[in-house]
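Asks: Sharing a structure with you now.
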Amino acid sequence: MTQHGNVESPQRSCLGCRSGKDKHLLLRFVVTPDQEVLPDLEHKLPGRGAYTCCNMHCLAKAIEQRQFKRSFKHDVTVLPAEQMVDHVRRQLFGKIIGLIGLANKSGAITGGGAMVSDALKSKRKPALVVIATDVSEPIGLKLIHAAEAHQVQHRVAVTKDEFGAILGKAPRSAIAVASGGFVVQLVKAIDRYRNFLGEV
């Protein structure tokens, strides 16, 4: 076992690539009473778990090689690889949207490229800047350089329209998140999603 913070984290093997990793870094899957394999992204559902890397290719490989049946040691129902990959992708993406929505309701979000730039220059700097995936390259680079200049972490996730929909406003090129509990969760959710897609 390896250290995760002050707690030892158990190791598990990925059903796709067979590499061993800390359990908290992997995707967990469980079997329902109807013998259906479902993702347990929060690692909270009861029962025996099976694991893959947080990577769409490892998940697809595990399904194509019938590794879930071998892991659970009996017949189970598993979605076809393409459908399961999309199901997990939507759940991971939904986590990002949900966290941004909660942060917005708590007043922790500043939306819009100009307002984010102003926030980075203020005394009470945000703890995180999230830039839209479809923002123009000059604007995106300007926001990234501004965040780095002010030593504020940044990520790229969701589209301008999705930012607008979450905030109940017109499309936004970026958001700034004030320091607080949402930042760590949001960074983790974005990194997990991008890892799954193979973007990191």
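Asks: Between the alpha-carbon centers of the range 154-200 and the range 67-139, tell me the distance in whole angstrom.
Replies: After rounding, the separation between the Cα centres reads 5 Å.
Asks: Using 0.36 nm per residue of separation minus the Cα-Cα distance, give me the extension gain between residue 79 and residue 35 in nm, one decimal.
Replies: 14.7 nm
Asks: Compute the long axis of helix 181-197 from its Cα atoms, compare it with the longest principal axis of the Cα atoms of the chain, and write down the angle in degrees, 0 to 90, nearest 10.
Replies: Taking the Cα atoms of the chain, the angle to 181-197 is about 60 degrees.
Asks: Something else about it: Would you look at the GNM of the chain, springs on alpha carbons closer than 10 Å, and say which of 72, 182, 163 moves the most?
Replies: Residue with maximal mean-square fluctuation among 72, 182, 163: 72.
Asks: In addition: Quick one: helix 137-149 against the long Cα principal axis of the chain, what's the angle to the nearest 10°, folded into 0 to 90?
Replies: Between helix and principal axis, roughly 90 degrees.
Asks: Sort 110, 159, 32 so that the residue with the fewest other Cβ atoms within 10 Å of its own Cβ comes first and the one with the most comes last.
Replies: Placing the least packed residue first, the sequence is 32, 159, 110.
Asks: Taking 0.36 nm per intervening residue step and subtracting the Cα-Cα distance, what contour gain separates residue 169 from residue 64 on full extension?
Replies: 33.5 nm
Asks: In this model, which of 61/188; 125/188; 23/69 are farther than 22 Å apart at the alpha-carbon?
Replies: Cα-Cα > 22 Å for 61/188; rest within.
Asks: For the chain, modelled as a Gaussian network with Cα springs under 10 Å, which listed residue fluctuates most, 186, 25, 15?
Replies: For the chain, modelled as a Gaussian network with Cα springs under 10 Å, the answer is 25.
Asks: Where does helix 81-105 land angle-wise versus the long Cα axis of the chain, in degrees 0 to 90, nearest 10?
Replies: 40
Asks: Restricting to Cα pairs below 8 Å that are 6+ residues apart, what does the relative contact order work out to for the chain? Please round to a whole percent.
Replies: Over the chain, the number comes to 18 percent.
Asks: Using helices alone, what [θ] at 222 nm do you get for the chain, with -39,500 (n - 2.57) per DSSP H run of 4 or more residues, divided over all residues and rounded to the nearest 500?
Replies: Counting only the DSSP helices, I get -13500 deg cm²/dmol.
Rule-based calculations on the coordinates, nothing more; no lab input. Please read all numbers here as calculations on a predicted model, not as lab measurements. No Cβ is skipped: glycine too gets one built from the backbone with ideal geometry, and neighbour counts run over all protein chains shown.
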